[in-house]
Amino acid sequence: MQTNLLSRKTSATSAPAGPQPKKKGVRGPVFLVVAGLIVLFLIIAGIKGLQFFTMIKAGKSMAPPPTTVTSATVQKGDWEPVLTAVGSISPVQGATISAELAGRVSEIGFESGKPVKQGDLLIKLDASAEQAQLHDDEIAASRRNLAEVLGDGARESGGRHDEIVATTSGMAELKRSNRSKPVFD
C-alpha cells in the first residue's frame with residue numbers, strides 16, 4: 001500500500017507531458033483601455049482647439065453694429081414748465097437719517113425738497129415719557145436727601161432746619177411741575 005501512495009504523490013507533482021496553453025496576462029486589456037482613453041482625450045482636445053481657433057478668427061473679423069441716430073428739425077414752440085410722465089427717479093446726493101432711540105415724531109423741522117444746513121433741527125421726538133421718568137428720579141433723589149437730612153437733624157438736634165425746608169419746597173415744586181405737564185398727548 002505504501003508504494004501506491006508514493007506513486008500518487010509522484011504523479012501529482014510531475015509536469016504534464018503535452019504543450020501548455022499560454023496564459024494571457026492582465027497587461028493586455030489594461031493597456032488597451034488606457035490607450036483608448038488617451039486617444040479619446042486627444043480627439044476631444046483637438047475638437048475644442050478647433051472651436052477656439054474659429055472663435056478667435058470670427059472675433060477678429062467682427063465689426064460693431066452701426067450706431068442708431070435720430071434727428072429732428074428744430075421748431076419754435078411753447079415750453080411747458082411741467083411734464084407729466086411715468087417713471088422712476090434717483091437722487092444725485094442723498095442721506096439716510098436715523099435716530100439713536102426709537103420714538104414718536106412730535107415735530108418735523110424741514111420742508112421736503114428744500115436744502116438744510118448742518119445743525120438745523122430736522123425731527124423732534126416726543127420725549128414726554130422720558131421727562132416724566134426724569135421728574136420721578138429727581139423726586140426720589142430729593143426724598144433720599146430729605147431722609148438723610150432728617151436723620152442727621154435728629155442726631156444734631158435741629159441744626160439743619162433751613163436745609164429741610166429747602167428740600168421739602170423743592171419736592172413740592174417738582175410734584176407741581178409734574179402734574180402740570182401731561183405725560184401723554
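The values are calculated or read from the model by the stated rules, or taken from the named source; none is laboratory data. Because the structure is a prediction, the values reported are computed rather than measured. Neighbour counts run over all protein chains shown; Cβ positions are idealised from the backbone, glycine included.
Could you count how many residues in segment 22-32 are surrounded by fewer than 10 Cβ atoms within 10 Å (Cβ to Cβ) and either touching a His at 6+ places or on another chain (Cβ under 6 Å) or not in a loop (DSSP other than H, G, I, E, B) (or both)? The number of residues fulfilling the criteria is 2.
Yes/no matrix, rows are residues, columns are (1) modelled with pLDDT of 85 or more; (2) closer than 25 Å to L121 by Cα; (3) touching a Ser or Thr at 6+ places or on another chain (Cβ under 8 Å); (4) not hydroxyl-bearing (S, T, Y):
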site	(1), (2), (3), (4)
T67	yes, no, no, no
S71	yes, no, no, no
V74	yes, no, no, yes
A95	no, yes, no, yes
E107	yes, yes, no, yes
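In this structure, G46 does satisfy being more than 30 Å from K117 (Cα to Cα) and modelled with pLDDT of 85 or more. Quick check: anything in segment 51-62 assigned to a loop (DSSP other than H, G, I, E, B), farther than 30 Å from K117 by Cβ and free of Cβ contacts under 8 Å to residues at least 60 places away in the same chain? Looking through segment 51-62, at least one residue is assigned to a loop (DSSP other than H, G, I, E, B), farther than 30 Å from K117 by Cβ and free of Cβ contacts under 8 Å to residues at least 60 places away in the same chain.
Looking at K23, is it farther than 30 Å from S128 by Cβ, modelled with pLDDT under 90 and of a type outside the set (V, I, T)?
Yes: the conditions hold for K23.
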